[in-house]
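A short reminder: the numbers here are calculations on the coordinates, not readings from a lab. Predicted model, so just to flag it, every value in this text is computed and none were measured. Here the Cβ positions follow ideal geometry from the backbone for every residue, glycine too, while neighbour counts run over all protein chains shown.
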Amino acid sequence: MKKMIKTIDRNKMAIICISLALLMFILYNIFSSNIVQALSKYGSRGNEVVQIQTKLKRWGYYNGNIDGIYGSQTLAAVKYFQRKNGLVVDGIAGKRTLEAMGIFTSASSSSSSSASSSDLNLLSRLVYGEARGEPYEGQVAVAAVVLNRVRNSNFPNTIAGVIYQNGAFSVVNDGQINLTPNSTAKKAAQDALNGWDPSYGSIYYFNPATATNKWIWSRPHVITIGKHRFCK
């Protein structure tokens, strides 16, 4: 009788262990399907590759199909993105490359560094103050102008330096820079930080309907988006 009870207990324990193992396996598959693994490279397939291709195509780095296959075109686009953003050009979408694209991995911090958060917040406020009501592409273009100036030796080399440069932006003078940006302005700022530049390298923009400065009209015209004329 005692042996039978022990046998039953062992069987129960085995069933419990098997059930727990099965539950852990199911949970792992559920969560792992939603977590970016941070190691997409040539030959990879799946949702992470779709995200990479979607981002790069939107920003003009990639012209192929969004098919979730990390082929030669995706490889070239990732390298192009890495080169433009000061990353190691190895064609592998690792942790740092994915973070630069705004694709956060399981190994990433849930929030940006204080410096990055500060830059994003300030750039969002500039976009909201200068371009709320403009087409989304135009809002991204305004943010891109700031970043183009940061990279230009004729301007300060920080986002804050460019935005607060004396006389650079009217919203700084009239206080609109202190308004709380909406989600669209934040998204536009992030897209610009991630590499999208609808202004095509412009370092100035103005509203032709209100601009009276002859010098700004003399700048080479690049593109007009909404009410803003972007120029170099």
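Listing for the model above:
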{"read-out": "For V222, distant residues with modelled amide H under 5 Å away", "value": "F230, C231, K232"}
{"read-out": "Order of V146, V127 - criterion: other Cβ atoms within 10 Å of each residue's Cβ, fewest first", "value": "V146, V127"}
{"read-out": "Estimated inter-spin distance, R219 and N157, nm [label 7 Å along Cα→Cβ]", "value": "2.2 nm"}
{"read-out": "Nonlocal amide H pairs with S40, under 5 Å, H built at 1.01 Å", "value": "A93"}
{"read-out": "HN-Hα J in Hz across region 138-154 - Karplus 6.51, -1.76, 1.60, θ = phi - 60°, x for Gly and Pro", "value": "x, 5, 5, 4, 4, 5, 5, 4, 4, 5, 5, 5, 4, 7, 8, 5, 7"}
{"read-out": "Across K79/K186; K79/K214; K95/K187; K186/K214, pairs whose alpha-carbon gap is larger than 30 Å", "value": "K79/K214; K186/K214"}
{"read-out": "Region 119-134 - phi-based ³J(HN,Hα) in whole Hz, Karplus 6.51/-1.76/1.60, Gly and Pro as x", "value": "4, 5, 5, 5, 5, 4, 5, 4, 4, 5, x, 8, 9, 4, x, 7"}
{"read-out": "Spatially proximal aspartates and glutamates relative to K55 (Cα-Cα < 20 Å; intrachain offsets below 8 disregarded)", "value": "D67, D90, E99, E137, D191, D197"}
{"read-out": "Highest to lowest packing among 219-226, 187-194, scored as the average C-beta count within 10 Å", "value": "187-194, 219-226"}
{"read-out": "Whole-number percent relative contact order across region 47-101, with pairs defined as alpha carbons under 8 Å at least 6 apart", "value": "29 percent"}
{"read-out": "Residue-count net charge about I66 - beta-carbon cut-off 11 Å; Lys, Arg +1, Asp, Glu -1", "value": "+2"}
{"read-out": "Cut-off under 5 Å, modelled amide H: who pairs with Y62 long-range", "value": "K57"}
{"read-out": "Mean Cβ count within 10 Å, highest first, over the residues of peptides 65-75, 163-173, 89-99", "value": "89-99, 65-75, 163-173"}
{"read-out": "Value of relative contact order over region 145-192, rounded to a whole percent, pairs C-alpha under 8 Å and six or more apart", "value": "22 percent"}
